[in-house]
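Below is the structure I would like to discuss, written out as structure tokens.
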Amino acid sequence: MKLLYPTSVPLNIESLQGFSVALYPYDVKSPIPEEHVDADLLVTWSNSTDNLKDAAQRLKNLKWIQSLAAGPNDVLNAGFDTSKITVTTGVGLHDHPVAEHALGLLLSCARRFFEMRDYQLQSKWPQHLGGSFPRNDFTTLRNARVLIWGFGSIAKTLAPYLTMLGAQVKGIARSAGVREGVEVFAEDKLPELLPETDALVMILPGSESTQNALNAERIKLLHKQAWVVNVGRGVSVDEDALVDALEKGEIAGAALDVFQTEPLPESSRLWKAPNVIISPHAAGGRPEGSTELIAENLRRFLASQPLKNTI
């Protein structure tokens with residue numbers, strides 16, 4: 001049995017050597033070496049599109065792919081025969097990094113750190129940022145009404161940070177309920193919740209069902225002081241509708257880590273839109289507990305047991 005692991009993420013290979021599996025590193029940006037096309041198991045992280053398509057065409061013995069991404073759209077779109085290959089995800093590996101990044105973006109939105117940096121580069125003292133914000137603006141997380149759309153494991157990590165700072169947190173998911181002490185509503189409640197939201201945090205996965213989930217109609221439901229933060233997938237936001245709303249002053253701003261097209265093209269209207277913070281898909285990038293997840297699933301695989309995070 002042969003397992004290929006990526007060199008794009010630090011792994012404790014010694015922890016994986018106790019299994020009766022041969023371990024070989026590979027470059028995620030290059031074609032799979034000919035001597036490894038007989039691999040049975042493949043671990044992926046930050047692989048290029050060409051690398052995955054090459055692997056899908058040439059690795060005919062594959063039985064299991066362990067993606068370290070929470071949403072392995074790249075693997076699912078590469079052409080692997082998923083009727084014969086089990087695909088597992090990295091759900092849980094990104095909870096803390098992405099939650100921290102979302103918190104940082106929210107604080108930047110509220111405290112206008114991005115604007116202060118712009119003035120700093122001009123050697124200017126922004127008198128108007130010294131605390132005299134309009135009364136109804138989103139300027140603090142204390143008592144701010146934060147709505148998290150896509151209430152999964154990342155949201156469960158983020159919510160306590162927000163409540164500790166005094167925010168009033170609600171969630172949106174496919175089904176309603178109470179999760180980790182937070183009231184979560186189904187999507188049919190969006191028309192009621194969006195008008196009373198100060199900061200909308202989107203952590204939706206990328207799929208056909210989430211394509212342009214935040215569209216022009218829903219953006220219009222937000223009030224003028226509301227901010228949009230997206231650390232999920234870029235496909236979930238209608239970028240043209242968002243820029244239109246920003247340019248018209250219909251919402252206060254947006255902090256975006258993910259985009260419809262990445263890298264974000266120079267021609268994108270988002271670069272010049274008012275009050276936009278652009279983060280280059282940097283919220284994740286540091287999967288925590290990767291080796292442990294691979295080891296656990298490898299043990300289960302060899303024992304013919306159900307794998308964790310199976311799609």
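Looking only at residues that are in contact with a strand residue (DSSP E or B) (Cβ under 7 Å, 6 or more places away or on another chain) and assigned to a helix (DSSP H, G or I) in segment 13-25, which one is least open to solvent (accessible area, probe 1.4 Å)?
Selected residue: L16.
Additional query: Would you call V243 surrounded by fewer than 22 Cβ atoms within 10 Å (Cβ to Cβ), at pLDDT 95 or above and β-branched (V, I, T)? Show your work before the answer.
On the way: surrounded by fewer than 22 Cβ atoms within 10 Å (Cβ to Cβ): yes; at pLDDT 95 or above: yes; β-branched (V, I, T): yes.
It is true that V243 is surrounded by fewer than 22 Cβ atoms within 10 Å (Cβ to Cβ), at pLDDT 95 or above and β-branched (V, I, T).
I want to confirm something. Restricting to segment 154-167 and keeping residues that are small (G, A, S) and in contact with a strand residue (DSSP E or B) (Cβ under 6 Å, 6 or more places away or on another chain), which single residue is surrounded by the fewest Cβ atoms within 10 Å (Cβ to Cβ)?
The initial filter retains those residues of segment 154-167 that are small (G, A, S), namely 155, 159, 166-167.
Filter again for in contact with a strand residue (DSSP E or B) (Cβ under 6 Å, 6 or more places away or on another chain), leaving 155, 159, 167.
Numbers: A155: 27, A159: 24, A167: 21.
For segment 154-167, the residue satisfying everything is A167.
Go through segment 26-45 and count every residue that is surrounded by fewer than 16 Cβ atoms within 10 Å (Cβ to Cβ) and closer than 20 Å to T88 by Cβ.
Total meeting the criteria: 0.
For segment 185-212, enumerate the residues that are open to solvent by 10 Å² or more (accessible area, probe 1.4 Å), closer than 28 Å to R142 by Cα and of a type in the set (G, A, S).
Hit for segment 185-212 is A186, nothing else.
Within segment 46-78, count every residue that is open to solvent by 40 Å² or more (accessible area, probe 1.4 Å), part of a loop (DSSP other than H, G, I, E, B), closer than 19 Å to P33 by Cα and not basic (K, R).
Final tally of qualifying residues: 2.
Does segment 207-230 contain any residue that is touching a His at 6+ places or on another chain (Cβ under 7 Å), within 21 Å of L107 (Cα to Cα), in contact (Cβ under 8 Å) with a residue 12 or more places away in the chain and not acidic (D, E)? Reasoning before the result, please.
Taking segment 207-230 first, the residues touching a His at 6+ places or on another chain (Cβ under 7 Å) are none.
Looking for residues that are touching a His at 6+ places or on another chain (Cβ under 7 Å), within 21 Å of L107 (Cα to Cα), in contact (Cβ under 8 Å) with a residue 12 or more places away in the chain and not acidic (D, E), one finds none in segment 207-230, hence no.
Mind listing whichever residues of segment 269-303 are open to solvent by 80 Å² or more (accessible area, probe 1.4 Å), of a type outside the set (D, E, K, R) and under 17 Å from the mean Cα position of the chain (by Cα)?
Taking segment 269-303 first, the residues open to solvent by 80 Å² or more (accessible area, probe 1.4 Å) are 269, 271-272, 280-281, 286, 288, 292, 299.
Next cut, of a type outside the set (D, E, K, R) only: 271, 280-281.
Matches in segment 269-303: P280, H281.
Go through (1) closer than 20 Å to L307 by Cβ; (2) open to solvent by less than 30 Å² (accessible area, probe 1.4 Å); (3) part of a loop (DSSP other than H, G, I, E, B) for T82 and report which single condition fails.
Condition not satisfied by T82: (2).
Cβ-Cβ under 6 Å, sequence separation 6+ or interchain: first residue in segment 167-188 and among the aromatic types (F, W, Y), partner surrounded by 19 or more Cβ atoms within 10 Å (Cβ to Cβ) and assigned to a strand (DSSP E or B). Which pairs?
Here the result reads F185/I172, each pair linking segment 167-188 to a residue that is surrounded by 19 or more Cβ atoms within 10 Å (Cβ to Cβ) and assigned to a strand (DSSP E or B).
Could you look through segment 246-261, keep only residues that are in a loop (DSSP other than H, G, I, E, B) and not β-branched (V, I, T), and pick out the one that is most open to solvent (accessible area, probe 1.4 Å)? Steps first, please.
To start, the set of residues in segment 246-261 that are in a loop (DSSP other than H, G, I, E, B) comprises 248-252, 257-261.
Narrowing the set further to residues that are not β-branched (V, I, T) leaves 248-250, 252, 257, 259-260.
Details: K248: 138, G249: 31, E250: 63, A252: 22, D257: 2, F259: 15, Q260: 69 Å².
Checking each candidate, the answer is K248.
Quick one: which residue in F114, F151 is under 25 Å from A273 (Cβ atoms), open to solvent by less than 80 Å² (accessible area, probe 1.4 Å), aromatic (F, W, Y) and out of contact with any Phe, Trp or Tyr (no Cβ under 7 Å at 6 or more places or on another chain)? Let's see the steps before the verdict.
Working: F151 fails: under 25 Å from A273 (Cβ atoms).
Criteria check complete, one pass: F114.
The values are calculated or read from the model by the stated rules, or taken from the named source; none is laboratory data. If you're wondering where the values come from, they're calculated on a predicted model, not measured in any experiment. When we count neighbours, we look across all protein chains shown, and the Cβ atoms used for this are built from the backbone with ideal geometry, even at glycine. Heads up: the accessible areas ignore ligands, DNA and RNA and are worked out on the full protein's heavy atoms, side chains in. Shrake-Rupley method; radii C 1.70, N 1.55, O 1.52, S 1.80 Å.
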